[in-house]
1. Quick check on the stretch 72-96: of everything there that is among the β-branched types (Val, Ile, Thr) and surrounded by 24 or more Cβ atoms within 10 Å (Cβ to Cβ), which residue is farthest from Phe162 (Cα to Cα)?
2. Pairs, please: C-beta under 7 Å, at least 6 apart or cross-chain, first residue under 9 Å from Ala169 (Cα atoms) and in the stretch 127-151, second of a type in the set (Lys, Arg) and within 16 Å of ligand 2 (Cβ to nearest atom)?
3. Restricting to the stretch 74-110, name every residue that is within 15 Å of ligand 1 (Cβ to nearest atom), of a type in the set (Val, Ile, Thr) and farther than 25 Å from Ser154 by Cα.
4. Would you confirm, using the coordinates I've provided, whether Tyr130 is over 17 Å from the mean Cα position of the chain (by Cα) and at pLDDT 95 or above?
5. Determine whether the stretch 286-298 contains at least one residue that is among the hydrophobic types (A, V, I, L, M, F, W, C), within 16 Å of ligand 1 (Cβ to nearest atom) and not in a loop (DSSP other than H, G, I, E, B).
6. Consider only pairs whose beta carbons are under 8 Å apart and that are at least six residues apart or on different chains; among these, list those whose first residue lies in the stretch 232-254 and is free of Cβ contacts under 8 Å to residues at least 24 places away in the same chain and whose second residue is more than 16 Å from ligand 2 (Cβ to nearest atom) and part of a loop (DSSP other than H, G, I, E, B).
7. Please specify each residue of the stretch 477-505 satisfying the condition of being in contact with a Pro (Cβ under 9 Å, 6 or more places away or on another chain), more than 24 Å from Asp388 (Cβ to Cβ) and charged (D, E, K, R).
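The values are calculated or read from the model by the stated rules, or taken from the named source; none is laboratory data. Keep in mind that this is a model prediction, so the values were computed, not measured. For neighbour counting, all protein chains shown are included, and Cβ atoms are generated from backbone atoms with ideal geometry for every residue, glycine included.
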Amino acid sequence: MNLKLPGQLTYIFGMLLLLASCGPKEIKEEEKTENPNIVIIYMDDLGYGDMSAYDAGTLETPNMDKLAEGGVKFTAGYASSATCSPSRYALLTGTYPWRNKDAKILPGTAPLLIGTDEMTIPKMLKSQGYATAVVGKWHLGLGDGTVNWNEKVSPGPNEVGFDYSYIMAATQDRVPTVYLEDGMVQGLDPNDPIEVSYDKNFEGEPTGKDNPEMLKMKWHHGHNNSIVNGIPRIGFMKGGKKAQWVDEDMADHFLEKAKAYVKKDRDEPFFLYYALQQPHVPRTPHPRFEGKSGMGPRGDVILEADWCIGEFIKTLEEEGLLENTLIIFSSDNGPVLNDGYYDDAEELVGDHTPAGPLRGGKYSLFEAGTRVPFISYWKGKALPGTTDAMVSQIDIFNSLAAISGSQERTKDGKDFSQLFLGSDGEGRDALVLEATTRTAYRKGDWVLIPPYKGPAVNKFVNIEMGNDSDFQLYDLSTDLEQQNNLAEENPEKLKELLEEFIAIRGE
Ligand code: NG6
Ligand code: CA
């Protein structure tokens, strides 16, 4: 545990093992009727203020807003981490990411992060008779450490519960820059095999560092290895030319796959995890969206994603599925402007506020790192409304289990099925927040951030990380912006939170 504790508080550790766990009661399993289809629409780096329905910023996102206006809009919905892989791990397993020491931002060659024996949302739903699929960004590792990309790549999504998978392996800025369907690289020419390395370049292959003349997008930090489509990436890749994706087509491509999946004739309900790649870097809007936001590519790809969501919902509607489909919409972590490429995100942001009123951003322990748009929508079933109840993405597992009639529950998650369906109810009392392997603790309206070494601001991305040599304590009920550190003023509260936090982290 990476915590620095003052001497007088260390004794608490032992004492706290006695504390009873303090979550709200699980709601009794609902009477099982016909199970709805379930779709999780998951954005990549969309901030709390990037959606117009969250009353912040200047971007207009009418299709995302329709979900918020016709569904349950959570104002205190949290991703489980301020970066992608840990958040996605937690989303699918219902388990805190800090319980898995490997749950960090993964390279494109990382082995599968979810154990094939671990319980996951798709496995749980399969046991309830669902057909299951993932379309979009994976970034949870593939294979067992030695992947040959020219053969079936396994284990992967299909080994942790998804009947069907159509994914990009890691991120848009990481190699391999190819799509995989059920473990097979798509469009691969056997005469042009793919090789991938995160250690060293392949002889004679150009890189962003050495061949700036080949770039259509310039790198700011990192991102100076192999060049694909004029964009320098993280990691080295050789071959597989015909299989390489076209960045500008990626949104349409995933949308087509998602639409095709829900359109399939089937008797059983389906679960689709539709993981869009926007607005993560490199931001490559289709020409239809170029210049549309006035904010450069970051704004444009958010509009593109909004359009995709509109088209996807239209498809559900046309297929007569919308009224029998529960949609959960959220983002894997908070916003960042400059995440490693010169794409004018900072220069053109204008009055837009990607984090809304919140402090920090992606990578940060402050609120904007993990507090993200979070919506549950079920036309005609979930009563529309806005709630301040605190919920986390680790609660989606237990909530979907309750909704689908499964007895399966995870230790870290809570069942908020009633809240998801728009009934009144309490949210979480407490939640451990995570950002780049550091943790903090929210209890009621209070947030405790223990001391951490490291820079206060990550200069590359220009984000306040939440690091300080002292304890930080904020009261979000009066100070959502986390400007007043009350740790010295309120030692009682500090002690109370710290005791509980240590107990949970010490489990
Ligand atoms: C960082 C990358 C960043 C992004 C992030 C993962 C550099 C310098 N930065 O290491 O660009 O790819 O990893 O983002 O390489 S996430 O949303 O998938 O977690
Ligand atoms: Ca992300």
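1. Across the stretch 72-96, the extreme among qualifying residues is Val72.
2. Pairs that qualify, where the first residue is under 9 Å from Ala169 (Cα atoms) and the partner is of a type in the set (Lys, Arg) and within 16 Å of ligand 2 (Cβ to nearest atom), are His139/Arg88; Leu140/Arg88.
3. none
4. Yes.
5. no
6. Val246/Asn229
7. Passing the criteria: none in range.
Here is a yes/no grid of residues against (1) in contact with a His (Cβ under 8 Å, 6 or more places away or on another chain); (2) within 16 Å of ligand 1 (Cβ to nearest atom); (3) closer than 21 Å to Lys264 by Cα; (4) not small (Gly, Ala, Ser):
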site	(1), (2), (3), (4)
Thr146	no, no, no, yes
Pro155	no, no, no, yes
Val175	no, yes, no, yes
Asp182	no, no, yes, yes
